[in-house]
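Q: Below is the structure I would like to discuss, written out as structure tokens.
The values are calculated or read from the model by the stated rules, or taken from the named source; none is laboratory data. Small disclaimer: the values here were computed from a predicted structure and weren't measured. Backbone-built Cβ (ideal geometry, glycine too); neighbour counts: all protein chains shown.
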Amino acid sequence: MEGARLRLTAAQRTVPDLLVSAAEAFGDRVAWSDGTRAHTFADLPQVAASGAMSLSQRGIVAGDRIMVIAENRLETLELLVAASWIGAVLVPVNPATPPSQLEYFLDYIAPTCVFYERDHVEPQHEPPAQWEELPTRTGTGTDSENTCWWDGESRAPKGDVRPQTPLAILLTSGTTGISKGVACPQAQFLAWGESVAAMLDISARDTAYTCLPLFHTNALNAAFQCLVSGARLHIGPRFSSSRFWDRIAQSEATVTYLLGAMVGMLLNTPTHEQERSHRLTRILAPGTPVAALHTFEERFGATLVEGHGMTETNAVIGTPLGTRRVGYMGQVLPGYQACVVDEFDVPVPDGVPGELLLRSNIPYAFATGYWQLPDVTIEANRNQWFHTGDRVVCEGGWFRFLDRIKDVIRRRGENISAWEVERVLDDYPQVARSAVVPVPSELGEDEVMAFVIPAAGAQVDPEQLRDHCATTLPAFARPRFIEFVDDLPLTDNGKVRKLELRERGVSVRTWDANDERRAASRS
């Protein structure tokens, strides 16, 4: 079945059924590994059933939440399949979560059990949650003296799980406010696997490598791309631009996953002998700047693939291999619908910007809502479409991203795309990265403010930077305010926390194009 992919239908669209089908189809091939341990496809139903028994012995039943706080490791996926077997719900949490936010997550999620790495978090012993330390990892495997739930001979029977049964609550990045828990049903994970495996043409001949965090949807769904296709997933440690190509070569990966910011970081690394000594052919890298696309492919010898998906939805828009249109997210993938609307949810003509709305023809391919937030769920899904908050334009069936709706700046009666301004700023040789936000104007509308990280060792003159913007941007879109910073507040998956920047606003360090004092440039 090297070129075939599993196709489960109707009531079979659950993770336990997928595990059994994959075991029968792909047998003793390695399914998942993390460099120290591995499971074959044949192993996975037993891993799930024995893990489910251990969870049950801890008093965990269908619907209970299980939290895991850890770096990338195989145990997270083992917990996921064990939870799927009995209808429990996994909640993976960033191990870098600060204590105050973790306290909020514990109160919001109310887990029955918390599995954690001691290096990253101190356990809280207050009931009702049980806290259990994950095994200590060594260079050759897990510490056999520190046993955990996956050890044991007992097997739990499959529970009454269905396609709509919740499997995970994934916590959003919180770029525009407090994090929300996205409730993802079992069938959503199957749909992710099917959609992206088809788009990237993943088969049993492939090895997929991910260094993206397993507490977010991108890396979790890589596991399901491999389950439906018979490919091998190698789970790597946190992204490192200096070690990335060594790890790709060691894993023998043919497919991997990057975020747009990572593409730029790799381009900024010195030439490395391993950067062409690899088997990698495809990289799913949504949001790659157009200017970096061809340079990256020519240097590293792998094709970058664009797409659009959200934790709440699925891989809905993409560019299957051989269909790319540079500068566009792609076209609607089979099984989904998309439209572009105005502020009243009325569809706009082709070529007119608006909000991207999404819908699925595949049952339970989207999240069922936000955990314990019914009003937010209803608002996001009003008029039977999921409202993405992305401002796009559709041109002949191809969708082009403009910015987030909340990043649109209204100045002098014109709508300004923060993303387009950032693209111009980032093209300036002395700029490493920028973020553009609206700030209040004396006239009661928005002004454009840019936070700019200078390139290493560069001296940036704000007037010259603004003059550079004048070569591309209309006068109303040029930043009035520029502030040079050492870094930008980021989420754990590399997105800028623009809410924090908007709240920071103009300070005594900010250069103002309307100020005759003209603050000095800063390196």
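Q: Please go through (1) surrounded by fewer than 23 Cβ atoms within 10 Å (Cβ to Cβ); (2) not in a helix (DSSP H, G or I) for Met449 and return the number of the only condition it doesn't satisfy.
A: (1)
Q: Return a yes/no flag: does the range 53-68 have any residue that is closer than 22 Å to Ser229 by Cα and touching a residue at least 24 places away in the same chain (Cβ under 8 Å).
A: Checked the range 53-68: no residue is closer than 22 Å to Ser229 by Cα and touching a residue at least 24 places away in the same chain (Cβ under 8 Å).
Q: Same structure again: Condition first: touching a residue at least 60 places away in the same chain (Cβ under 8 Å) and either in a loop (DSSP other than H, G, I, E, B) or touching a Cys at 6+ places or on another chain (Cβ under 7 Å) (or both). Now tell me which residues in the range 354-374 satisfy that.
A: Across the range 354-374, the qualifying residues are Ile362, Pro363, Tyr364, Ala365, Phe366, Ala367, Thr368, Trp371, Gln372, Leu373.
Q: Another question, then. Give the range 375-388 a look and list any residue that's farther than 17 Å from Ser360 by Cα, under 24 Å from the mean Cα position of the chain (by Cα) and free of Cβ contacts under 8 Å to residues at least 40 places away in the same chain, or say none.
A: Glu379
Q: Give me the strands (runs of 3 or more DSSP E) completely within the range 79-133, filtered to those with at least 2 residues that are in contact (Cβ under 8 Å) with a residue 60 or more places away in the chain and within 21 Å of Cys211 (Cβ to Cβ), ordered by residue number.
A: 89-93
Q: Now for a separate question. Please name all residue pairs, on different chains or six or more residues apart, with Cβ atoms under 8 Å, provided the first residue is in the range 468-480 and is assigned by TED's automatic domain parsing to the domain that holds Glu422 and the second residue is assigned to a loop (DSSP other than H, G, I, E, B) and of a type in the set (S, T, N, Q).
A: As it stands, the answer is Arg480/Asn514, since those pairs meet every condition given.
Q: While we're on this one: Do you know which residues across the range 285-313 are in contact (Cβ under 8 Å) with a residue 60 or more places away in the chain, within 16 Å of the chain's Cα centre (by Cα) and farther than 15 Å from Met199 by Cβ?
A: Correct list: Gly287, Met310, Thr311, Glu312.
Q: Then there's this: Out of everything in the range 271-293 that is small (Gly, Ala, Ser) and in a loop (DSSP other than H, G, I, E, B), what residue ends up being surrounded by the most Cβ atoms within 10 Å (Cβ to Cβ)?
A: Applying the filter and picking the extreme gives Ala285.
Q: Would you confirm, using the coordinates I've provided, whether Arg65 is touching a Pro at 6+ places or on another chain (Cβ under 7 Å) and not polar (S, T, N, Q)?
A: Spelling it out, Arg65 is indeed touching a Pro at 6+ places or on another chain (Cβ under 7 Å) and not polar (S, T, N, Q).
Q: Do we have Gly27 as loosely packed, with under 15 Cβ neighbours inside 10 Å and among the small types (Gly, Ala, Ser) here?
A: Judged against the criteria, Gly27 is a match.
Yes or no, residue by residue, for (1) of a type in the set (A, V, I, L, M); (2) more than 15 Å from Phe344 (Cα to Cα):
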| site | (1), (2) |
| --- | --- |
| Glu355 | no, no |
| Leu358 | yes, yes |
| Pro363 | no, yes |
| Phe366 | no, yes |
| Thr377 | no, yes |
| Trp385 | no, no |
| Gly389 | no, no |
| Phe399 | no, yes |
| Leu402 | yes, yes |
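Q: Also, quick follow-up: Residues in the range 183-194: is at least one touching a helix residue (DSSP H, G or I) at 6+ places or on another chain (Cβ under 9 Å) and at pLDDT below 95?
A: no
Q: Looking only at the range 460-488, filter to residues that are modelled with pLDDT of 90 or more and assigned to a loop (DSSP other than H, G, I, E, B); which one of those is farthest from the chain's Cα centre (by Cα)?
A: Looking at the filtered set, the residue picked out is Asp461.
Q: Could you list, ordered by first residue, the pairs with Cβ atoms under 7 Å in which the first is in the range 223-248 and without any contact (Cβ under 8 Å) to a residue 40 or more places away in the chain and the second is among the β-branched types (Val, Ile, Thr) and surrounded by fewer than 24 Cβ atoms within 10 Å (Cβ to Cβ), at least 6 apart or interchain?
A: Close Cβ pairs (under 7 Å, with a partner that is among the β-branched types (Val, Ile, Thr) and surrounded by fewer than 24 Cβ atoms within 10 Å (Cβ to Cβ)) amount to Ala231/Thr207; Ser241/Thr269; Ser242/Thr269.
Yes/no per residue for (1) closer than 18 Å to Ala302 by Cβ; (2) in a loop (DSSP other than H, G, I, E, B):
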residue: Cys184; (1), (2): no, no
residue: Phe189; (1), (2): no, no
residue: Ala198; (1), (2): no, no
residue: Ser203; (1), (2): yes, yes
residue: Leu214; (1), (2): no, yes
residue: Arg247; (1), (2): yes, no
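Q: Then there is this: Run down Val316, Val263, Val340 and say which single residue is modelled with pLDDT of 95 or more, within 19 Å of the chain's Cα centre (by Cα), outside any loop (DSSP other than H, G, I, E, B) and among the aliphatic types (A, V, I, L, M).
A: Among Val316, Val263, Val340, only Val316 is modelled with pLDDT of 95 or more, within 19 Å of the chain's Cα centre (by Cα), outside any loop (DSSP other than H, G, I, E, B) and among the aliphatic types (A, V, I, L, M).
Q: Can you name every residue in the range 84-104 that is crowded, with 19+ Cβ neighbours inside 10 Å and over 19 Å from the mean Cα position of the chain (by Cα)?
A: Ser84, Trp85, Ile86, Gly87, Ala88, Val89, Leu102, listed by residue number.
Q: Moving on to the next point. Looking at the range 24-39 only, could you name the residues that are of a type in the set (Lys, Arg) and closer than 13 Å to Gly230 by Cα?
A: Arg29 - this is the single residue of the range 24-39 that is of a type in the set (Lys, Arg) and closer than 13 Å to Gly230 by Cα.
Q: Has the range 398-405 got at least one residue that is at pLDDT 95 or above, charged (D, E, K, R) and assigned by TED's automatic domain parsing to the domain that holds Gln337?
A: No: zero hits.
Q: Could you please find all residues in the range 310-337 being crowded, with 21+ Cβ neighbours inside 10 Å, among the small types (Gly, Ala, Ser) and closer than 29 Å to Glu414 by Cα?
A: Gly330
Q: Based on this model, can you work out whether Val424 counts as closer than 21 Å to Asp512 by Cα, crowded, with 18+ Cβ neighbours inside 10 Å and not small (Gly, Ala, Ser)?
A: yes
Q: Would you be able to tell me the number of residues in the range 30-68 that are crowded, with 22+ Cβ neighbours inside 10 Å and either under 26 Å from the mean Cα position of the chain (by Cα) or among the aromatic types (Phe, Trp, Tyr) (or both)?
A: 9
Q: Being touching a Lys or Arg at 6+ places or on another chain (Cβ under 7 Å) and either under 22 Å from Ala88 (Cβ atoms) or in a helix (DSSP H, G or I) (or both) is the filter here; which residues of the range 10-33 pass it?
A: Ala11, Thr14, Pro16, Ala31
Q: Please find, among Arg247, Arg205, Arg232, Arg238, the residue that is among the charged types (D, E, K, R) and crowded, with 24+ Cβ neighbours inside 10 Å.
A: Arg232
Q: Right, another one. Tell me the residue from Gly322, Gly335 that is out of contact with any His (no Cβ under 9 Å at 6 or more places or on another chain) and modelled with pLDDT under 95, please.
A: Just one listed residue meets the conditions, Gly322.
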